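Here's the structure, in structure tokens; my notes come after.
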Amino acid sequence: MKLFNPFDVIRTKYVFFTGKGGVGKTSAACAAAVSLADSGKFLAVCRRYSE
């Protein structure tokens with residue numbers, strides 16, 4: 001199995017993780033952020049709550 005490389009899929013300046021509750025958006029965003037930060041990229045992670 002090939003390891004996930006965010007540079008293979010992230011080609012824009014902004015990346016949004018969206019979907020219904022409980023599908024792993026936060027986990028996916030954190031994993032991508034850690035990988036990008038480890039490679040030397042600068043980033044910000046934000047979370048929006050809707051009511």
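The values are calculated or read from the model by the stated rules, or taken from the named source; none is laboratory data. Fair warning: this is a prediction, and the values are worked out from it, not measured in the lab. All Cβ positions, glycine included, derive from the backbone under ideal geometry; neighbour counts span all protein chains shown.
Brief remarks on what is shown
- Residue among 28, 37, 33 that is more than 10 Å from the chain's Cα centre (by Cα), on the phi < 0 side of the Ramachandran plot, in a helix (DSSP H, G or I) and of a type outside the set (D, E, K, R): 37
- Among residues of segment 15-29 that are of a type in the set (A, V, I, L, M), those with a beta-carbon under 7 Å from a residue that is assigned to a loop (DSSP other than H, G, I, E, B) at least six positions away or on a different chain give the pairs 28/17; 29/17; 29/45.
- Contact map, segment 30-51: first residue under 14 Å from residue 17 (Cβ atoms), second residue outside any loop (DSSP other than H, G, I, E, B), Cβ cut-off under 7 Å, separation 6 or more or different chains; pairs are 32/6; 35/6; 36/6; 43/33; 43/36; 43/37; 45/29; 45/33.
- Of the residues 23, 15, the single one that is in a loop (DSSP other than H, G, I, E, B) and modelled with pLDDT under 85 is 15.
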